[in-house]
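A quick write-up on the structure given underneath.
The values are calculated or read from the model by the stated rules, or taken from the named source; none is laboratory data. Everything numeric here is computed off the predicted structure, so don't read it as measured data. Heads up, the Cβs are rebuilt from the backbone with ideal geometry, glycines too, and the neighbour counts pull from every protein chain shown.
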Amino acid sequence: MSYKSEAAEKDAQTAYIEKLVSVNRIAKVVKGGKRFSFSALVVIGDGRGRVGFGSGKAREVPDAVKKASERARRQMIRVPLRESRTIHHDVTGHFGAGRVVLRAAPAGTGIIAGGAMRAVFESLGVQDLVSKCIGSANPHNMVRSTFCALRAMASPKLIANKRGKRVGEIASRREYAQSAGR
């Protein structure tokens, strides 16, 4: 590997926003006592509509975080954003006992979300969003149910292409005019 490609690889890695959501200590009881290991949940995004999450487990916290970060980079998804600041429509998602409701918000609202969901939205690059978690508040369930909701997200352009119509026919005129800046 040449020096130039190593530098390019480092720049690509530093462009990501990495958030550590949770760290858990796990104790395994063995003959001589307890053997401790750590699990980490990490969310990574580029701040422009791509985000991923991963979990890792190791004997030391930094190793667990590194494993989780590598898994998160491999599982990144692209989410369509409206005006690069919020989601296109309201959506719900669930995983296990965790359920989330995500709602688009007007400019200036900010991110109204709990800890695990906030990490996902900050990494994604969302600026205005209202969310509510219903049921389990377990960070793993919250992150997975948030990703379930984000995967269900569709832009008007995508829907128009599927239906063979123009965007103006799909979206209401007022909404379409506001997004065009008229």
Worksheet, complete the sentence: Counting only residues in the range 24-58 that are farther than 30 Å from Thr86 by Cβ and aromatic (Phe, Trp, Tyr), the one surrounded by the fewest Cβ atoms within 10 Å (Cβ to Cβ) is identified as Phe36
Worksheet item: Among the numbered criteria (1) outside any helix (DSSP H, G or I); (2) modelled with pLDDT under 90, which single criterion is violated by Val29?
Response: (2)
Discussion item. Restricting to the range 72-99, name every residue that is hydrophobic (A, V, I, L, M, F, W, C) and either within 13 Å of the chain's Cα centre (by Cα) or at positive phi (or both).
Written reply: Ala72, Met76, Ile77, Val79, Leu81, Ile87
Practice prompt. All but one of (1) outside any strand (DSSP E or B); (2) touching an Asp or Glu at 6+ places or on another chain (Cβ under 7 Å) hold for Ser84, so report the exception by its number.
Written response: (2)
